[in-house]
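A.B. asks: Please see the structure below; I have some questions.
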Amino acid sequence: APWSIADAPADYIAGQLRAIVGVALPIERLEGKWKLSQNRPEADRAGVIAGLGQATDDRSVALCAEMKAREPASRS
């Protein structure tokens, strides 16, 4: 069975609770990066696009379109 906090002695838990420090960080900006298999070989990307192209759910269709739009000019 996995370890549980209830397995620890009360004095140990009390000591650990005193050591917890809360931190608040204001978020000033978010940066994202597309990860659409662009680091994979052309054949792998083509396979992913082909597989997604056979799907009918909205997320897969949208992802397929994004991957096609981001393919290098030689493949568009």
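The values are calculated or read from the model by the stated rules, or taken from the named source; none is laboratory data. Note that the structure is predicted; figures quoted are calculated from it, not measured. So basically every Cβ, Gly included, is an ideal-geometry build from the backbone, and we count neighbours across all protein chains shown. Accessible surface areas use protein heavy atoms only, side chains included; no ligands, DNA or RNA. Shrake-Rupley method; radii C 1.70, N 1.55, O 1.52, S 1.80 Å.
A.B. asks: The chain: D in µm²/s via Stokes-Einstein (Kirkwood Rh, Cα pairs, 25 °C, 0.890 mPa s)?
C.D. replies: The calculation lands on 141 µm²/s.
A.B. asks: At 222 nm, what value in deg cm²/dmol follows for the chain if DSSP H runs of at least 4 each add -39500 (n - 2.57) and the sum is divided by all its residues, to the nearest 500?
C.D. replies: Theoretical 222 nm ellipticity from helices: -14000 deg cm²/dmol.
A.B. asks: Can you give me the accessible area per residue for the chain, using a 1.4 Å probe, in Å²?
C.D. replies: Value for the chain: 89 Å² per residue.
A.B. asks: Now a separate question. Could you check the simple spin-label distance between Asp44 and Glu66, using points 7 Å along Cα→Cβ, in nm with one decimal?
C.D. replies: Those two pseudo-labels are separated by 1.8 nm.
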